[in-house]
1. Counting only residues that are assigned to a loop (DSSP other than H, G, I, E, B) and either open to solvent by 90 Å² or more (accessible area, probe 1.4 Å) or of a type in the set (D, E, K, R) (or both), which one in segment 100-127 is modelled with the lowest pLDDT?
2. Checking the structure you have, find out if any residue of segment 30-47 is modelled with pLDDT of 90 or more, open to solvent by 50 Å² or more (accessible area, probe 1.4 Å) and out of contact with any Gly (no Cβ under 8 Å at 6 or more places or on another chain).
3. Considering only segment 76-88, state which residues are farther than 18 Å from ASP56 by Cβ and in a helix (DSSP H, G or I).
Amino acid sequence: NDRLIEKLEEGMNRFCNYLGAQQVNKDDWNNMVLNRWFLNSQEGIRYIIMEKEIIDLIVDNSFVDSNGKAIQADDDLIEIGLNSLNCIQLIVLLEDKYNIEFGYSDLSVESVNTVSKIINYILSHKN
């Protein structure tokens, strides 16, 4: 079992390097991969790619201040500076990038306060 996890970690590190992400430590691995059993499926790979794209979008547009720490998918973006104006700007960028439309009831900071919530919303509303 440890050998399997070791091989999976090695594969994930290669994949993260391909995406330009940092090395994944064992705790991050458990959070990001082992709990997402669908990693080897197309949906799982799409999820991880979207996670990187959305984090890059947030960082590149200075929507939050992570104090130099890497943003994780389950980090509360409100706690690290996402405000209502940035939220609307982020939603507009996400709508353009992923060709979706956020419903009026979904236009709140709480609906996009984690990258995981954003990805789940996009995946559930994409044709």
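The values are calculated or read from the model by the stated rules, or taken from the named source; none is laboratory data. Keep in mind the model is a prediction, meaning the values are calculated, not measured. Don't worry about glycine lacking a Cβ; one is built from the backbone with ideal geometry, like all the others, and counts go over all protein chains shown. Ligands, DNA and RNA are stripped out before the accessible areas are found, and what is left, the full protein with its side chains, is counted by its heavy atoms. Shrake-Rupley method; radii C 1.70, N 1.55, O 1.52, S 1.80 Å.
1. Out of the qualifying residues, it is ASN127.
2. no
3. Scanning segment 76-88 gives SER84, LEU85, ILE88.
Residues are listed down the side, and each one gets a yes or a no for (1) modelled with pLDDT of 90 or more; (2) over 12 Å from the mean Cα position of the chain (by Cα); (3) assigned to a loop (DSSP other than H, G, I, E, B):
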position: GLU53; (1), (2), (3): yes, no, no
position: ILE58; (1), (2), (3): yes, no, no
position: ASP65; (1), (2), (3): no, yes, yes
position: LYS69; (1), (2), (3): no, yes, yes
position: ALA73; (1), (2), (3): no, no, yes
position: LEU90; (1), (2), (3): yes, yes, no
